[in-house]
Every structure is written in structure tokens, then in C-alpha cells.
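The block underneath contains the structure these notes are about, expressed in C-alpha cells.
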Amino acid sequence: MTVTLAGPAPQFRPPSEAARAEVCTSLSLPSHFVLYVGRIQPRKNLARLIEAFARVRAAHPHLPHHLLLAGDQGWMTGGIHAAAQASPAREYIRFLGYVEEAQLPALIGAADVLAQAPAFAGFARGGRSRARRSPTMRGSHWVAPAAGTLPRATPTWCWPARCRRRTRAP
């Protein structure tokens, strides 16, 4: 029997402020964003993530967040790109393409929320987000890195309190 502990790779530790600023500058990123990292393909449920993001933007138009999807193109991506183009929040949605592994810790560290919403694919146990202690949206519930799954399932997408506080309209 082999026991594999779920945890982040050594490079996935909270990045320095300088590293976060450097990756944001090099990739021309907005100051507030929700981030998806992974291959762009239908089984990752990205059309639903795009729809949920649009609902949040419609319900809270004062939020400055963008949805950034980082990852190389997989199979059958036409529907995902069509969903982004048809979205009422399309000007806040951006496909970054492949991001170098060396940039991922700082990119993830710069995100306000790390989103994962796979329909059919399994997913890691949140090692990347636990490494930076960030809120993670998975499917229909939030996962708090230190406490495990929150007891309340959210039927629609919601923002963690730390994002609401920082981004409240003046």
C-alpha cells in the first residue's frame, strides 16, 4: 500500500508581493480577478463557470473582478469560447492561454478566488489553494482551505467575505 498525502508541491507556497506584482505586470492582469487554471475543455464545466460569473456581475455590478481562464486549449473548446462571447460579462472574461509553471504560484497568489467547477473530471484536493490559504469555488460550494468544506452549499455563486469587504463600491 502507498499512502500519498494531499498537499501542494514545494513551489506552491505563498508568493512574495513582488512576485505577484511581477506576474500581474507581465501578463497585464486586472487588480481583482477570479482565476481558473487548467486545460480548456468541456469536462471542466467552464461554460457554467462563465454563466455563474455573469450572474455575479449582474447581481453585483460594482464588483471590479474579471474572470481569467489560464490553460492551453483542449478538445471541443468552441462551446466554451462561444459562451464567453455570448456572455453579458464578456468584457470581463479573458483567456490567458498557457501559463508557464514558474509563473503559476504568483498568478494563483494574485487571484482573489481560485475557481474549479469540473462536471466529469476529478480534481486535486486544493493543494494549490491551500498553499496560499485562498477561498476556492468548486462546483456548488466553497472550500475553506483551513477548515474543509463549508457546511452551507450555495446554489448560486457567491463571494467570500474578504472579497466583498475589499471591493465594496464607495
**Asked** Mind ordering 72-80, 91-99, 107-115 by average Cβ neighbours within 10 Å, highest first?
**Response** 107-115, 91-99, 72-80
**Complete:** Taking only protein heavy atoms and a 1.4 Å probe, the highest-to-lowest accessible-area order of His32, His81 is His81, His32
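The values are calculated or read from the model by the stated rules, or taken from the named source; none is laboratory data. Because the structure is a prediction, the values reported are computed rather than measured. Because the Cβ atoms are built from the backbone with ideal geometry, glycine has one as well, and the counts that use them run over all protein chains shown. Heads up: the accessible areas ignore ligands, DNA and RNA and are worked out on the full protein's heavy atoms, side chains in. Shrake-Rupley method; radii C 1.70, N 1.55, O 1.52, S 1.80 Å.
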